[in-house]
Amino acid sequence: MTRFVNNLKTTFLLTLLFVLILTIGGRLGGQGGLMIAFIFGLAMNVGAYFYSDKIALATMRGQEVDAQSAPDLYHMVGRLAGNAGLPMPKVYICPQEAPNAFATGRSPKHAAVAVTHGALKLLSYDELEGVMAHELAHVKNRDTLTSCIVATLAGVITMVASMAKWGMIFGGLGGQNRDHNIFADLLMIILAPFAAVMIQMAVSRSREFVADHDGARIAGTPYGLISALQKLESQSSRMPLQGASTTQNHMFIVSPAIGKNLAGLFRTHPRTEERVAKLRDMVA
């Protein structure tokens, strides 16, 4: 039920983004402005989609491992991938001491999972299994594609609002169309990008709940992930993850402590206590 609700929530939020694009485009940018913004936003994010794995792994200085260099981790991921019905992804270890993990890649056939050196030291076998299962759930659910779509739509909204702002400054918005209410237009220019970011963060949080649920199913139990999330949250709040940028926050199993104190609407991840509560509901 939880998985269904969060998938439904993701669909609703994506629809809301589309509606917001049509609204702001029709009122502020017109069809021409909307098309220009969409082409630019699509071009930028298509590149990110196809090269996201290389960018993320290079940023985190990940080193690929195999059955010889990291047998326990490699065989664990292979077994979990089999449980999930996925092809074997590439496996990486990142040198950072801050404990964290992430998955990347545009499809299950081009996927990679990575874990930091700090997570390997901190987590028990069962906890690490829960974390890797969570990351494989992201791969199975093609959350990289979802993130790319959401980033494109949010970027289009921001770009149209920026075009409208400059049009207003130079008299193009109100001067050519007397039907526009200048104050309503100004309010939309300010609030639309703000709303787009809020929706983008909400989508990210909903995908984390789904990955938690599906990861627990892949691992066969939620208890390892529950314990891992509690440990990771505790450590990451004291040890920021070096090398991670704010644009990559959504990739990690817990937020890398960048922007952790922002209001809940702007969090890329649900609060750990909420995630743990939902996981415990699976066995209640």
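With the crude spin-label approximation of a point 7 Å out along Cα→Cβ, what separation in nm comes out for Arg271 versus Ile39?
Result for the modelled spin labels: 4.6 nm.
Lys165: which aspartates and glutamates have alpha carbons under 13 Å from its alpha carbon, excluding same-chain residues fewer than 8 sequence positions away?
Asp185
Report the residues of the stretch 211-234 in range of a label on Asp126: point 7 Å along Cα→C-beta, backbone N strictly under 11 Å from it.
Answer for the stretch 211-234: 221-228.
If you count, for each residue, the other Cβ atoms within 10 Å and average over each peptide, how do 218-225, 80-87, 67-74 line up from highest to lowest?
So the peptides 218-225, 80-87, 67-74, ranked by packing, come out 218-225, 80-87, 67-74.
Readers should treat all values here as calculations from the given coordinates under stated rules, not as data from a laboratory. This is a predicted model, so every value here is computed, not measured. For neighbour counting, all protein chains shown are included, and Cβ atoms are generated from backbone atoms with ideal geometry for every residue, glycine included.
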